[in-house]
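I have placed the structure first, in the form of structure tokens, so that the comments after it can refer back to it.
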Amino acid sequence: KKDTIILGIESSCDDTSAAVLKNTAILSNIIAGQKIHEEYGGVVPELASRAHQQNIIPVVESAIKKAGIRKEDIDAIAFTKGPGLLGSLVVGTSFSKAFSLAMNIPMMDVNHMHGHVLAHFIDDGDKNKPSFPFLCLTVSGGHTQIVLVKDYLGMQVIGSTIDDAAGEAFDKSAKLLGFPYPGGPLIDRHARNGNPKRFEFSKPQIKEYDYSFSGLKTSILYFLQKQEKENPDFIRENLDDLCASIQHTIIEILLKKLKKAAKELNIKEIAIAGGVSANSGLRKAIEATANELKWNTYIPKFEYCTDNAAMIAITGKYMYEKGLFADQSIAAKARVEM
Ligand code: KG4
Ligand code: ZN
């Protein structure tokens, strides 16, 4: 059987990415980040779409070059249709429609959240893959979901956040501590030298498998304001312990519902995905829980945790095999159901 080569395109937020997939192996996965948002403390949609516009062709060209293929070798193109920022999604979608038309190849419109989950099926050597059904905790800057994954394309969200996403909880807490955007990785770095039990922050009481993080942010804000009244250098002097305690609280909140879902659905195949799954504290906590509860856990490689086109390409491959193609009337969508 002939090899299948798929070009993946991701542009849902502030990273422009293109990847070349050959069967289940990634030949290239190029990501152009956007520094411009740092000074604004968050992603500015208008600036993001403009940067995607500038980056998309160079990023695709370098992905094709690095993969060592010709663009004529590509069998199909997969792109993120949503969810995400509409102006950003439109760039990747329009590019893909044009590419599909010019090259006369089919295209697959991929749900970004499916992509995060299916990043687990990218071939990276010896790594064993989750077996169905499994639970995937998808934690990113825009989403926090517990997904029941019955098949490659059969997914059901059984719990999600009612306000902020886990990544937002990291980034907003980081902002209160004076870190630039995105602050999640910086909290992670400082937390390694801090005491996670030093400070206590409020944890939400939410029904079923749902999450809430806005109360945590408020509780951190009030706590910091109170401390800074007594000692203006409080944050600087306690930075590592603050980071460790905030990170510990977020992880406890995430794990509580994941454990509840795993127990009630009697599933021991547990995966994590999304940008926050790069967090070293969460990765450790998941491993520790796996030992305790006899879970089999699956954690993607770092480069497939945050937004990337490799995960879109692999999802596109499963759609390609089923003949799930989009036609030229397809449009990007900010909100998409699982
Ligand atoms: O999946 P992703 O790249 O983009 C979205 O789809 O949102 O996730 C980005 C989020 C940001 O909130 C970022 O702060 C967070 O993932 N993040 C982390 C770490 N690395 C990325 N949060 C905590 N610790 C990390 N090491
Ligand atoms: Zn994402």
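The values are calculated or read from the model by the stated rules, or taken from the named source; none is laboratory data. Keep in mind that what you see is a predicted model, and the values were worked out from it rather than measured. FYI the Cβ positions are ideal-geometry reconstructions off the backbone, even for glycines, and counts take in every protein chain you see.
If only one of Glu200, Glu228 is without any contact (Cβ under 8 Å) to a residue 12 or more places away in the chain, of a type outside the set (Val, Ile, Thr) and in the same structural domain as Phe170 (by TED's automatic domain parsing), which one is it? Give the derivation first.
Values: Glu200 fails: without any contact (Cβ under 8 Å) to a residue 12 or more places away in the chain.
Sole residue among the options that is without any contact (Cβ under 8 Å) to a residue 12 or more places away in the chain, of a type outside the set (Val, Ile, Thr) and in the same structural domain as Phe170 (by TED's automatic domain parsing): Glu228.
Residue under question is Arg198, and the condition is that it be under 23 Å from the mean Cα position of the chain (by Cα) and more than 16 Å from Gly167 (Cα to Cα); does it hold? Talk me through it step by step, then tell me what you get.
Values: under 23 Å from the mean Cα position of the chain (by Cα): no; more than 16 Å from Gly167 (Cα to Cα): yes.
So Arg198 fails the test.
Please list, ordered by first then second residue, the pairs with beta carbon atoms under 7 Å, 6 or more apart or interchain, first in the range 122-140 and more than 24 Å from Ala166 (Cβ to Cβ), second among the charged types (D, E, K, R) and surrounded by 13 or more Cβ atoms within 10 Å (Cβ to Cβ).
Pairs that qualify, where the first residue is more than 24 Å from Ala166 (Cβ to Cβ) and the partner is among the charged types (D, E, K, R) and surrounded by 13 or more Cβ atoms within 10 Å (Cβ to Cβ), are Asp124/Lys301; Ser131/Glu269.
Note down all Cβ pairs under 9 Å where the first residue falls in the range 178-189 and is at negative phi, the second is in a loop (DSSP other than H, G, I, E, B) and hydrophobic (A, V, I, L, M, F, W, C), and they're at least six residues apart or on different chains.
Tyr181/Val43; Pro182/Val43; Gly183/Leu177; Leu186/Leu177; Leu186/Phe179; Ile187/Leu177; Ile187/Phe179
What number of residues within the range 161-209 satisfy the criterion of being surrounded by fewer than 19 Cβ atoms within 10 Å (Cβ to Cβ), aliphatic (A, V, I, L, M) and over 15 Å from Cys243 (Cα atoms)?
Within the range 161-209, residues that are surrounded by fewer than 19 Cβ atoms within 10 Å (Cβ to Cβ), aliphatic (A, V, I, L, M) and over 15 Å from Cys243 (Cα atoms) number 2.
Identify, please: which residue in the range 277-292 is within 16 Å of the chain's Cα centre (by Cα) and under 16 Å from Arg192 (Cβ atoms) and is, among those, surrounded by the fewest Cβ atoms within 10 Å (Cβ to Cβ)?
Of the residues in the range 277-292, the ones within 16 Å of the chain's Cα centre (by Cα) are 277-280, 282-283.
Adding the requirement that they be under 16 Å from Arg192 (Cβ atoms) leaves 278-280, 282-283.
Working: Ala278: 21, Asn279: 26, Ser280: 13, Leu282: 22, Arg283: 18.
Going through the qualifying residues, I end up with Ser280.
Do you know which of the residues in the range 242-281 that are outside any helix (DSSP H, G or I) and more than 16 Å from ligand 2 (Cβ to nearest atom) is nearest to Tyr181 (Cα to Cα)?
The extreme case among them is Ile270.
Here is a list of conditions, (1) closer than 30 Å to Leu224 by Cβ; (2) within 14 Å of ligand 1 (Cβ to nearest atom); (3) assigned to a strand (DSSP E or B); (4) of a type outside the set (Asp, Glu), and Gly159 meets all of them except one; can you say which number that is?
Unmet for Gly159, out of (1) closer than 30 Å to Leu224 by Cβ; (2) within 14 Å of ligand 1 (Cβ to nearest atom); (3) assigned to a strand (DSSP E or B); (4) of a type outside the set (Asp, Glu): (2).
Under 9 Å between Cβ atoms, at least 6 apart or on separate chains: pull out the pairs that start in the range 2-30 with a residue that is free of Cβ contacts under 8 Å to residues at least 40 places away in the same chain and outside any strand (DSSP E or B) and end on any residue that is more than 13 Å from ligand 1 (Cβ to nearest atom) and of a type outside the set (Phe, Trp, Tyr).
Taking only residues 6 or more apart or on different chains, the pairs are Lys2/Asp75; Asp3/Lys22; Asp3/Asn23; Asp3/Asp73; Asp3/Asp75.
So that you can scan it fast, the table gives a plain yes or no per residue for (1) assigned to a loop (DSSP other than H, G, I, E, B); (2) within 16 Å of ligand 1 (Cβ to nearest atom); (3) within 29 Å of Gly33 (Cβ to Cβ):
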residue	(1), (2), (3)
Phe170	no, yes, yes
Pro182	yes, yes, yes
His190	no, yes, yes
Asn193	yes, yes, yes
Ser202	yes, no, no
Leu216	no, yes, yes
Leu221	no, no, yes
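Give the number of residues within the range 75-87 that are farther than 18 Å from His116 by Cα and either within 15 Å of ligand 2 (Cβ to nearest atom) or β-branched (Val, Ile, Thr) (or both). Break it down into steps so the answer makes sense when it comes.
Taking the range 75-87 first, the residues farther than 18 Å from His116 by Cα are 75-76, 86-87.
Within this subset, residues satisfying the condition of being either within 15 Å of ligand 2 (Cβ to nearest atom) or β-branched (Val, Ile, Thr) (or both) are none.
Residues that pass the stated criteria total 0.
Among residues belonging to the range 287-314 that are out of contact with any Phe, Trp or Tyr (no Cβ under 8 Å at 6 or more places or on another chain) and of a type in the set (Val, Ile, Thr), point out the one that is farthest from ligand 2 (Cβ to nearest atom).
If we filter the range 287-314 for residues that are out of contact with any Phe, Trp or Tyr (no Cβ under 8 Å at 6 or more places or on another chain), which is where we start, we get 287-288, 290-297, 299-309, 313.
With of a type in the set (Val, Ile, Thr) added as a condition, the list becomes 297, 299, 306.
Working: Thr297: 20, Ile299: 16, Thr306: 7 Å.
Top of the filtered list is Thr297.
I'd like to know if the range 273-294 contains one or more residues that are free of Cβ contacts under 8 Å to residues at least 60 places away in the same chain, within 24 Å of Phe121 (Cβ to Cβ) and among the β-branched types (Val, Ile, Thr).
So far as the range 273-294 goes, yes, one or more of its residues are free of Cβ contacts under 8 Å to residues at least 60 places away in the same chain, within 24 Å of Phe121 (Cβ to Cβ) and among the β-branched types (Val, Ile, Thr).
Would you check which residues across the range 302-317 are at pLDDT below 95 and closer than 15 Å to Leu21 by Cβ and list them?
So in the range 302-317, the residues at pLDDT below 95 come out as 302-307.
Scanning the range 302-317 gives Glu303, Tyr304.
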